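This report refers to the structure that appears directly beneath it.
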Amino acid sequence: MKIFLDTSDVGVIKHHYQTGLVDGVTTNPTLMMQAGRNPVDVISEISSVFSGRGYHIGSISAEVVADSAEEMVLQAEQYHSIGENITIKVPCTYEGLKACRELSERDIKVNVTLIFSLNQSILAAKAGATYISPFIGRCEDNDIDGIDLISSIKRVFKLNSITTTNILAASIRSIDHVNDSYKAGADIVTLPPKIFEEMYKHVLTDQGLAQFDKDWKELNK
Ligand code: E4P
């Protein structure tokens, strides 16, 4: 059960990485636009964050943007040269899946993104994807049950003994999305930092802590 952060904000990633709870990062062109910096520089910095400590090197998804598989592979080579923890993100299109097949045959990890159906997941697994990203929030925006989609993918992968393609729940908008994704069988959930921060919180924890602090002070008066 892994947690990725869904952001291109290097400061936020550095901060949360220190918890030892973060296993990777996903980025996309929109998140890169928000960062407002050169994407190769951003990916290099994120890669270094994960390379600097002992516990794991993580997986950093860098998305290619191109019309043809050939161009996607060229962009992927540039990202992959940054470090061994780089995963190439390609869209679930005809050209994207061609690129996925070529890259995975070269042992480059691929995350097939913008997944909205079981059939897309099957093709991505066949193309050798290490990760597939069903978009839960955007499914719901379009009256598709994203959690049911994860359950179906999990079931079909299990029936067919597919163990090398991980289900990475993306487009997460709430704590319920996180919990329900894991319950449905997601291997990884990629969280906007705001949702990760919410996961720590519970009103009863705050209340209990306030009582313990009060009693401790009373004892030490
Ligand atoms: C992650 O891989 C996706 O790019 C991201 O989760 C999309 O989220 P959004 O639908 O909130 O933009």
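The values are calculated or read from the model by the stated rules, or taken from the named source; none is laboratory data. Note that the structure is predicted; figures quoted are calculated from it, not measured. All Cβ positions, glycine included, derive from the backbone under ideal geometry; neighbour counts span all protein chains shown. To get the accessible areas, we keep the full protein, side chains included, count just its heavy atoms, and leave off ligands, DNA and RNA. Shrake-Rupley method; radii C 1.70, N 1.55, O 1.52, S 1.80 Å.
General remarks:
- Residue 188 meets all of the listed conditions (1) touching a residue at least 12 places away in the same chain (Cβ under 8 Å); (2) over 22 Å from residue 31 (Cα atoms); (3) not aromatic (Phe, Trp, Tyr) but one, namely (2).
- Boolean, residue 77 is at pLDDT 95 or above, within 23 Å of residue 135 (Cα to Cα) and acidic (Asp, Glu): no
- For the stretch 141-154, a residue qualifies if it is open to solvent by 60 Å² or more (accessible area, probe 1.4 Å) and in contact (Cβ under 8 Å) with a residue 12 or more places away in the chain, and the qualifying residues are 142, 144, 148, 154.
- Selection status of residue 130, β-branched (Val, Ile, Thr), within 13 Å of the ligand (Cβ to nearest atom) and on the phi < 0 side of the Ramachandran plot: no
- Only a single criterion out of (1) surrounded by 16 or more Cβ atoms within 10 Å (Cβ to Cβ); (2) within 14 Å of the ligand (Cβ to nearest atom); (3) at pLDDT below 95 is not satisfied by residue 87, namely (3).
- Of all residue pairs spaced 6 or more apart or on separate chains, those with beta-carbon atoms under 8 Å, a first member in the stretch 11-31 that is among the acidic types (Asp, Glu) and a second member that is more than 9 Å from the ligand (Cβ to nearest atom) are 23/2; 23/3; 23/56; 23/58; 23/59; 23/188.
- Failed item, numbered, when residue 38 is tested on (1) surrounded by 14 or more Cβ atoms within 10 Å (Cβ to Cβ); (2) away from the ligand (no atom under 14 Å from the Cβ): (1)
- Single residue of 57, 43 found to be in contact (Cβ under 8 Å) with a residue 40 or more places away in the chain and more than 12 Å from the ligand (Cβ to nearest atom): 43
- Being under 18 Å from residue 25 (Cβ atoms) and touching a Ser or Thr at 6+ places or on another chain (Cβ under 6 Å) is a property that residue 168 has.
- Once the stretch 166-206 is narrowed to residues that are part of a loop (DSSP other than H, G, I, E, B) and near the ligand (Cβ under 10 Å from one of its atoms), the residue that is surrounded by the fewest Cβ atoms within 10 Å (Cβ to Cβ) is 173.
One line per residue, one yes/no per condition, for (1) away from the ligand (no atom under 16 Å from the Cβ); (2) open to solvent by less than 20 Å² (accessible area, probe 1.4 Å):
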{"position": "93", "(1), (2)": "no, no"}
{"position": "97", "(1), (2)": "yes, no"}
{"position": "124", "(1), (2)": "no, yes"}
{"position": "134", "(1), (2)": "no, yes"}
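- Hey, residue 109 among the charged types (D, E, K, R) and either within 18 Å of the chain's Cα centre (by Cα) or open to solvent by less than 10 Å² (accessible area, probe 1.4 Å) (or both) or not: yes
- Conditions (1) within 14 Å of the ligand (Cβ to nearest atom); (2) among the hydrophobic types (A, V, I, L, M, F, W, C); (3) closer than 23 Å to residue 181 by Cα: number failed by residue 22: (1)
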